[in-house]
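In what follows, a single structure is set out as structure tokens and then discussed.
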Amino acid sequence: MTTSKRKLLYRQGTGFWRMTAKWVLVFGTLSLVDGGLLRSWGNAVVWPFIGLVLWLPFGIGIVWYSRKDQWVRLTTCELYVRRKRLPMEDVNLLHVARLWLEGRSTADAQPVQQWIRSERVVWVPLLDGRAYGVEFRDPATFAKVFGAFAVAACGGPDIVRARAAEAAYPEPRPMRVRSAGGGGSSSDVLDLFG
């Protein structure tokens, strides 16, 4: 497997600026509607102030803080999840490639094409039999990039199939279970700004 040359394959941010832009759009629209249609512009300036007051505890403290670990960067040499670094030398790329040739991703029986675009944990199998869970907002895109990279790094589909027929694959043991969006009540309300 050749992973010596560093190249950025996939990147996912925490969504901070997107969340902030939605926050500004919502309260900016309320201000325009209040000032232009309902009351005076003097009354409308209260909406940006309310938005700022709510943005600090709810926008940053709840919406963004719950997603801060979603900062992910995948290169040909390593996988970064926030401040954690996972070298590709520790990843079982043959296992990833074998599953991808079947249209599946790691430790997930459902085909990737059936995944909907929602927060989901994708498991990265390690050579020691463990699996590391990483949360994605668009998991299918990451699975496609990661799977294609694994197949290429292992030498192509034919080599992957030949090696996979001789290899043993223990059931990956999750290092820790991470929530993929969890409860429906508060997260559904806050998803407008997430």
Suppose the filter is within 22 Å of Arg120 (Cβ to Cβ), at pLDDT 80 or above and not β-branched (Val, Ile, Thr); does Arg73 pass it? yes
Output for Cβ contacts, cut-off 6 Å, separation at least six or different chains, first residue at pLDDT 85 or above in the range 18-43, second open to solvent by less than 30 Å² (accessible area, probe 1.4 Å) and assigned to a helix (DSSP H, G or I), reads Phe27/Gly51; Ser31/Ala44
Could you grab me the full set of residues in the range 94-131 that are closer than 21 Å to Arg82 by Cα and either touching a residue at least 60 places away in the same chain (Cβ under 8 Å) or open to solvent by 30 Å² or more (accessible area, probe 1.4 Å) (or both)? Thr106, Ser118, Glu119, Arg120, Trp123, Arg130
Being open to solvent by less than 30 Å² (accessible area, probe 1.4 Å) and under 14 Å from Val24 (Cα atoms) is the filter here, so list the residues in the range 57-81 that pass it. Gly59
Can you report the number of residues in the range 1-56 which are open to solvent by less than 100 Å² (accessible area, probe 1.4 Å), polar (S, T, N, Q) and farther than 21 Å from Val134 by Cβ? 5
The correct count of residues that are at pLDDT below 60 and touching a His at 6+ places or on another chain (Cβ under 9 Å) in the range 144-182 is 1
Of a type in the set (Asp, Glu), under 20 Å from Lys7 (Cβ atoms), open to solvent by less than 20 Å² (accessible area, probe 1.4 Å) and modelled with pLDDT of 85 or more: does that describe Glu89? no
Going through (1) open to solvent by 10 Å² or more (accessible area, probe 1.4 Å); (2) closer than 23 Å to Val63 by Cβ one by one, Pro139 fails only at (1)
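The values are calculated or read from the model by the stated rules, or taken from the named source; none is laboratory data. No experiment lies behind these values; they were computed from the predicted model shown. Heads up, the Cβs are rebuilt from the backbone with ideal geometry, glycines too, and the neighbour counts pull from every protein chain shown. Keep in mind that these areas ignore ligands, DNA and RNA; they rest on the heavy atoms of the full protein, side chains included. Shrake-Rupley method; radii C 1.70, N 1.55, O 1.52, S 1.80 Å.
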